[in-house]
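Inspection log for the structure reproduced underneath, given as structure tokens.
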Amino acid sequence: MIMDPRDNWCVCLSGEIDLNFMIYTATAYGLFAEKDSKWPPEKLFEQPAFYLEKLHAQWTSWWNLMLKERAQGAKIRTAANAVSPPFDKLDSPELREALTQAWPSFIRWWYMPAGGQNAMYYWEGVPNIDSYIYELKKELGREYLSFRLNMDLVYGGIPEPIEVGEDYMVVPVHTNYIMNKDWWKQILAARIRE
């Protein structure tokens, strides 16, 4: 979390396991029409079309519920955001089976020395948010800024950021977003409160 107590702004970047696992599972089953990620490198699990249709509907519903809860700042572990085995609290049988099947390969990758968790730690520290805010203040002629932004980083699967609410978004770790000063300033400026 990056914040300035003299101002009233806060930016929280987090590469949490739950959203990354959800995207990994969808990619492993080929649920995305357009593959944005080389992660995993190919569809890992073959299933018949009728199964994939059910899985896609269940996955989408769970994904949307998870994003809604995160946008509202839900800190409790519910069935929507508790993505670790066992998955028996899920009412959706195809999703439960898919998560169970994808978990071992995902968790191996996540905890590898050059795996997902370390990649998220790296990307969380890349943006120089303090300097972007300093430049934004100068450009706007303002001494203080007031805003809050919670941002979940995902390794792949989505081609561009998803703005879920005024204070929450999901962003892929693409350099044209995370390392782009102009993008950051635009995103931050759009959230400034009077």
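The values are calculated or read from the model by the stated rules, or taken from the named source; none is laboratory data. Source: prediction; values computed, not measured. Note that each Cβ is placed from the backbone with ideal geometry, even for glycine, and that neighbours are counted across all protein chains shown. Note: accessible area is taken over every heavy atom of the protein model, side chains too, but ligands, DNA and RNA are not part of it. Shrake-Rupley method; radii C 1.70, N 1.55, O 1.52, S 1.80 Å.
Between a first residue in the range 11-31 that is more than 16 Å from T60 (Cβ to Cβ) and a second residue that is buried (at least 17 other Cβ atoms within 10 Å of the Cβ) and of a type in the set (S, T, Y), which pairs have beta carbons less than 9 Å apart while being 6 or more apart in sequence or on different chains?
G15/Y155; N20/Y155
Under 6 Å by Cβ, and 6 or more places apart or on different chains, what pairs join a residue from the range 92-120 that is closer than 19 Å to G15 by Cβ and without any contact (Cβ under 8 Å) to a residue 12 or more places away in the chain with one that is aromatic (F, W, Y) and not in a loop (DSSP other than H, G, I, E, B)?
Partner pairs satisfying both residue conditions: G115/W109.
Out of the range 91-106, which residues are open to solvent by 20 Å² or more (accessible area, probe 1.4 Å) and in contact with a Leu (Cβ under 8 Å, 6 or more places away or on another chain)?
Scanning the range 91-106 gives E94, R96, S105.
Quick check on the range 35-57. Is at least one of its residues within 15 Å of V170 (Cβ to Cβ), modelled with pLDDT under 90, open to solvent by 10 Å² or more (accessible area, probe 1.4 Å) and among the aromatic types (F, W, Y)?
Checked the range 35-57: no residue is within 15 Å of V170 (Cβ to Cβ), modelled with pLDDT under 90, open to solvent by 10 Å² or more (accessible area, probe 1.4 Å) and among the aromatic types (F, W, Y).
In the range 167-182, what residues are farther than 21 Å from G115 by Cα and open to solvent by less than 20 Å² (accessible area, probe 1.4 Å)?
Selection gives Y168, M169.
What pairs come out if I take residues in the range 167-194 that are under 22 Å from E69 (Cβ atoms) and aromatic (F, W, Y) and pair them with residues that are at pLDDT below 95 and surrounded by fewer than 17 Cβ atoms within 10 Å (Cβ to Cβ) whose C-beta lies under 9 Å away, six or more apart or interchain?
From residues that are under 22 Å from E69 (Cβ atoms) and aromatic (F, W, Y), the pairs are Y168/Q72; Y168/G73.
Say whether the condition of being modelled with pLDDT under 90 and touching a Lys or Arg at 6+ places or on another chain (Cβ under 6 Å) is met by at least one residue in the range 122-139.
no
Return the residues of the range 157-166 that are touching a residue at least 40 places away in the same chain (Cβ under 8 Å) and open to solvent by 40 Å² or more (accessible area, probe 1.4 Å); say none if nothing qualifies.
P159, I162, V164
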